[in-house]
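Written below as structure tokens is the structure these notes are about.
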Amino acid sequence: LITEISEINNSETINITTLSPDLIINSANWTPENPKQDETVTFSVNISNIGPGNAVNTFLVPTVNDNEELDPVPIAPLAAGGNVTASFSYVVKTGEYILSFAIDPNDTVVETDESNNALILALPPILPDLVVQDISWLPEDPSIGDPVTFSVVIINQGFSASLPGRFSYYIDGLTS
């Protein structure tokens, strides 16, 4: 609106560099270490900000077996060089579990490195483990033709209940 001698010198561009955070997951652990079927497991995930800037408004997103995304866990503002532990609980059933943890999975926080925000771990299988613990028989020294009674103790040393199964035994390589 103002007539000037030169209209090309009315603006200036400057670059401003912001300090960005860099969030990483250092480690994750759980208790109890060997969970049993239908037990609540508490996970603790240690997160650091190794970047020069502060991180705000971010979440940890746990995923179970690549298909069950759990509720996001909010992370308190994390200053440069800061460290925080996020915790959540999950009830395990029978089977095997692979857990993936992602901090800021939707890249809502601009970071110096977006490729280091995940950690994957596996829980011990929550399955039965049947073991023959003891075998005894009576009479201990049978004669040919004597009836023999066998007692077999089977225990489940695994982490979940066993479905009904079948017990087989062999005498001289033959099954009965």
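The values are calculated or read from the model by the stated rules, or taken from the named source; none is laboratory data. Every value quoted in this text rests on a predicted model; they were computed, and no experiment measured them. In this analysis, Cβ positions are derived from the backbone assuming ideal geometry, glycine residues included, and neighbour counts consider all displayed protein chains. When the accessible area is computed, the model is the full protein with side chains, heavy atoms only, and any ligands, DNA or RNA have been set aside. Shrake-Rupley method; radii C 1.70, N 1.55, O 1.52, S 1.80 Å.
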Subject >> Residues satisfying the stated conditions in segment 95-121, i.e. in contact (Cβ under 8 Å) with a residue 60 or more places away in the chain, crowded, with 17+ Cβ neighbours inside 10 Å and assigned to a loop (DSSP other than H, G, I, E, B) >> reply: Asp104, Val109, Glu111, Asn117
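Quick grid of which residues meet (1) open to solvent by 20 Å² or more (accessible area, probe 1.4 Å); (2) under 18 Å from Thr85 (Cα atoms); (3) out of contact with any Pro (no Cβ under 7 Å at 6 or more places or on another chain):
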residue	(1), (2), (3)
Thr17	yes, no, yes
Gln37	yes, no, yes
Asn54	yes, yes, no
Asn57	yes, yes, yes
Asn65	yes, no, yes
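Which strands (runs of 3 or more DSSP E) does segment 18-79 wholly contain that include 1 or more residues that are more than 16 Å from Asn106 (Cβ to Cβ)? Let's see the steps before the verdict.
Numbers: elements: 23-31, 40-49, 58-64, 73-75.
The qualifying strands (runs of 3 or more DSSP E) are 23-31, 40-49, 58-64.
Condition test on Asp146, is it open to solvent by less than 80 Å² (accessible area, probe 1.4 Å), more than 30 Å from Glu39 (Cβ to Cβ) and assigned to a loop (DSSP other than H, G, I, E, B)?
Yes; evaluated as a whole, the condition is true for this residue.
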Original post:
Scanning for something touching a strand residue (DSSP E or B) at 6+ places or on another chain (Cβ under 7 Å), closer than 30 Å to Phe59 by Cα and surrounded by 11 or more Cβ atoms within 10 Å (Cβ to Cβ), does segment 151-170 turn up at least one residue?
Top reply: no
Original post:
Looking at segment 39-52, which of the residues that are under 30 Å from Leu163 (Cα atoms) and open to solvent by less than 30 Å² (accessible area, probe 1.4 Å) is nearest to the chain's Cα centre (by Cα)?
Top reply: Phe43
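Would you be able to tell me the number of residues in segment 74-89 that are open to solvent by less than 30 Å² (accessible area, probe 1.4 Å) and over 16 Å from Ser27 (Cα atoms)? Explain how you work it out, then say what you get.
First, the residues of segment 74-89 that are open to solvent by less than 30 Å² (accessible area, probe 1.4 Å): 75, 78, 82, 86, 88.
Next cut, over 16 Å from Ser27 (Cα atoms) only: 78.
Qualifying residue count for the region: 1.
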Original post:
Could you list, in sequence order, the residues of segment 123-174 that are touching a residue at least 60 places away in the same chain (Cβ under 8 Å) and aromatic (Phe, Trp, Tyr)?
Top reply: Phe159
